[in-house]
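Read the structure below first, then the notes.
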Amino acid sequence: MNNEKKLITQSTNLDSFYSGKHWNTIGIMAQTFLQSGALPVAFKNPAQVVMVLQAGREAGLKPVESLNSFYFVNGKLTMYGQRLIAQVIKAGYMIEWGECNETTANVKISREDRGSNEKTYTLAEAQKKGLTKNIVWSKYPENMLRFKAFGLCARFFCPEALDGFYAKEEIESDEELSQTLETRTIQEAKTIEMVNPVQIRTIRNLNKSKGKMEVNMLKAYNLKKIELMTKEQADKIILMLEKTPDIQKPDTSKSEVSVEDLKEAGIEVVEPKTNGKTTNSN
């Protein structure tokens, strides 16, 4: 019954997640937390902090709890394994650990109204998948076996308690294998080629003949200046500008405008008076 009431309350409050007041508040909080310098190095910008605070709110966590519970692994938001276990317990489930050592881990999750589910995960299974190549597995085999067994057991038995999140330790080891997360992140960052000076000159020269479209170009990529574009973005902009017709330029072939030109354009021309006198060339 308590669970049913909880679900009804969450559904009723769904609109509050999209209110302007909520997003204004959470945005200010994100800026403040980031400026404090007390956040984990994983948080690179306010947008990531906002995402964590929002995810935590949906999972029933307080702001500081959220910041200490989530971690980005290759762009994917995950929860620390201990927090996932706590979430399952908060949802009313009982967790019983069986035999757990450096070669095997057994866990049983149960709840009176749901029954139970049990899972065992062994080091042999981890080796078969190549997980043990990761340095974390070699240092903490029992902990990693526990997280793996728990994740497999909980995802199929009580997914509502996990809110769709995987354990940080599980995802990190599964996706990295022999590479550390930091090394992979650095390697991926190096593959992003930024705009070069030739492209910048080309864009600015084309921009002059196309009617100064620079503002719209930058808005398209949510950038403040051309120098922040990637090489790929710059290539697309150049291609677009080359296909855009030049603006019409005024005809400057005549150095002077004649009286006849002005009259033809409908402009009244007042000719100078000669006082009735005629100029005699003799």
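Coordinate-derived values only; no laboratory data. Every value quoted in this text rests on a predicted model; they were computed, and no experiment measured them. FYI the Cβ positions are ideal-geometry reconstructions off the backbone, even for glycines, and counts take in every protein chain you see.
Please list, by residue number, every one of the GluC sites (Glu not before Pro) in region 55-146 that is coil in DSSP and has at most 10 other beta-carbon atoms within 10 Å.
Glu112
Counting other C-beta atoms within 10 Å, which of Cys153, Cys158 has the fewest, and how do the rest follow?
Listed from fewest to most nearby Cβ atoms, that is Cys158, Cys153.
How long are the semi-axes of the ellipsoid equivalent to region 17-68, from square roots of 5 times the Cα gyration tensor eigenvalues, in whole Å, largest first?
Semi-axes from the Cα gyration tensor: 17, 13, 8 Å.
Would you mind checking which residues have amide H under 5 Å from Thr104's amide H? H placed 1.01 Å from N; only 5 or more apart, or other chain.
Long-range HN contacts for Thr104: Leu123.
About its Cα centre, how strong a charge dipole does region 81-177 have in debye, to the nearest 20, once Lys and Arg get +1 and Asp and Glu get -1 at the Cβ?
Using only the charged Cβ atoms, the result is roughly 20 debye.
Greater than 20 Å separation of Cα atoms is the criterion. Which listed pairs, Lys21/Lys225; Lys44/Lys168; Lys90/Lys129; Lys21/Lys90; Lys108/Lys133; Lys62/Lys90, meet it?
In this structure, Lys21/Lys225; Lys90/Lys129; Lys21/Lys90; Lys108/Lys133 lie more than 20 Å apart at Cα.
Taking the number of other C-beta atoms within 10 Å as the exposure measure, put Leu131, Leu145 in order starting with the fewest.
Least crowded to most crowded, the residues run Leu131, Leu145.
What does the C-alpha gyration tensor say about the overall shape of region 75-189? Classify as rounded when a/c is under 1.5, otherwise prolate if a/b is larger than b/c, or oblate.
Since a/c reaches 1.5 but b/c is at least a/b, the shape of region 75-189 is classed as oblate.
Using the number of other C-beta atoms within 10 angstrom as an exposure proxy, rank Ser110, Ser138 with the fewest first.
Going from least to most buried by this count: Ser138, Ser110.
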